[in-house]
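Values in this text are rule-based calculations from the coordinates and carry no lab data. Just so it is clear, the structure is predicted and the values come from calculations on it, not from any experiment. Cβ placement follows ideal geometry from the backbone for every residue including glycine, while neighbour counts extend to all protein chains displayed.
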Amino acid sequence: MHSKKVAILESRFGQQMVELVIKHGGQPFHAPALAEVPDVDHSYIATLVNELRSRPARIAIFQTGVGTHALFKATDALGLTEKLLALLAKAVVVVRGPKPTAALRSRGVRIDLNAKEPFTTTEVLEALQAVPLEGERVIVQRYGVTNVGLEDTLKTRGAEVIEIPTYRWSLPEDTKPLVELMDALERQHIDAVTFTNAAQVYNLFAVAEKLGRTDLLQKSLNGTLVASIGPVSSSALQHFGVTVGLESSPPKLGPLIAALDAALSR
C-alpha cells in the first residue's frame with residue numbers, strides 16, 4: 001500500500017482491519033460507522049417459543065453467530081432453552097455461515113442445510129430450493145437489520161415468516177470520527193475507503209445529511225478509491241451515486257484487503 005491512507009468504517013472487526021492495513025504498509029484511518037445495540041425482547045421470545053409448540057415452524061434460519069448466541073442467552077434466562085432445542089429438533093435448520101454453525105453446535109443443534117460460500121442471502125435461498133415452503137412457518141434470526149431480500153422471497157414462495165430480533169445496528173454515539181473522515185476526504189487526504197457493510201454507507205450519508213454535506217461526500221468518495229466487500233455494500237454505494245472502484249471476491253476481509261493492496265500498489 002506504500003503508505004497510502006485507508007479509511008476503515010468497520011466496527012466489530014475494525015482493529016483487525018487496522019492491523020491488516022498496517023501489515024500491508026498502509027496508514028489506517030479508523031472511523032467506525034456502526035454500533036451493535038442489543039434488541040432482545042424477552043417477553044416476545046417467551047410468547048413465541050410457547051406458541052410454536054402448538055404451531056411449529058418448518059424451517060429455522062440462523063444468519064449470524066452473535067445473534068444466535070444472543071437468542072440462546074435469552075432462552076437460558078427464561079428457562080426455555082430445552083423447549084427451543086426441542087422445536088429445532090423437529091425443524092429444518094439452515095445456517096448462513098461458519099459462525100452461526102459454531103454457535104448452534106455448541107448447543108448440540110443438528111444442522112440440516114448450510115449456505116455455501118460466500119454465505120450471502122443468495123446461497124441461503126439456493127440451499128432452500130428443494131424445501132417446500134407453501135403454507136409453512138419459517139423462523140428467521142435477524143441480524144442488524146431485516147433481511148428484506150430473504151423475507152420477500154420466502155413470502156413469495158408462500159411461507160409465513162417469523163422474525164426474531166436479537167440486535168440492531170445504529171450510529172455510534174460518537175460520530176466525530178465520521179465527520180473527521182468527511183473533512184479528510186474533502187481535503188483529498190484519503191487514498192481509499194473500505195465499506196464492509198451496507199449499513200455503514202447509510203450511516204455515513206445520514207451524518208452527512210444532518211450537516212448538509214451529502215453532495216460533498218458523494219463528490220469526495222468519487223474522487224478516491226472506494227473498496228466494497230461485496231454486492232450488497234456495492235448496491236448501497238451505487239444508491240448514493242458512488243462509483244465502486246473494487247469489489248472483493250469472495251466477500252471477506254482478507255480478500256478485500258489483498259485486492260486493495262494490489263490496487264494501491266499499482
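Quick rundown of the values:
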| quantity | calculated |
| --- | --- |
| Relative contact order (%) - the chain, alpha-carbon pairs under 8 angstrom, separation at least six | 21 |
| Computed [θ] at 222 nm, deg cm²/dmol, the chain (DSSP H ≥ 4; -39,500 (n - 2.57); rounded to nearest 500) | -13500 deg cm²/dmol |
| Within-9-Å neighbourhood charge of THR68 [Cβ basis; K, R +1; D, E -1] | +2 |
| Among beta bridges that DSSP assigns inside the chain, antiparallel share in %, nearest 5 | 10 |
| Percent of beta bridges antiparallel (DSSP, region 37-169, rounded to nearest 5) | 10 |
| Along principal axes, Cα extents of region 37-169, largest first, whole Å | 35, 30, 27 |
| Whole-angstrom gap from region 18-44 to region 118-172, using each part's C-alpha centre | 24 |
| Amide H within-cut-off set for PHE29, under 5 Å, with H built and near neighbours excluded | VAL6, ALA7, ILE8 |
| Greater than 19 Å apart at Cα, pairs in LYS99/LYS252; LYS99/LYS155; LYS176/LYS252; LYS73/LYS155; LYS5/LYS252 | LYS99/LYS155; LYS176/LYS252; LYS73/LYS155; LYS5/LYS252 |
| Among 53-59, 147-153, the order from most to least packed when residues are scored by Cβ within 10 Å on average | 147-153, 53-59 |
| Lysines with Cα under 16 Å of LYS4, excluding same-chain neighbours fewer than 8 positions away | LYS23 |
| Other-chain or far-sequence residues with amide H under 5 Å of ARG168's (modelled H) | VAL37, ASP39 |
| Amide proton proximity set for ARG137, modelled H, under 5 Å, gap of 5+ | ARG58, ILE59, GLU160 |
| Entry for Cα extents along the principal axes in Å (calculated from the structure that is shown) out of [x] 54, 49, 30; [y] 58, 48, 35; [z] 61, 34, 33 | [z] |
| Relative contact order (percent, whole number), region 121-266, Cα cutoff 8 Å, 6+ residue spacing | 17 |
| Summed side-chain charge close to PRO98 - residues other than PRO98 whose Cβ falls under 13 Å, Lys, Arg +1, Asp, Glu -1 | +3 |
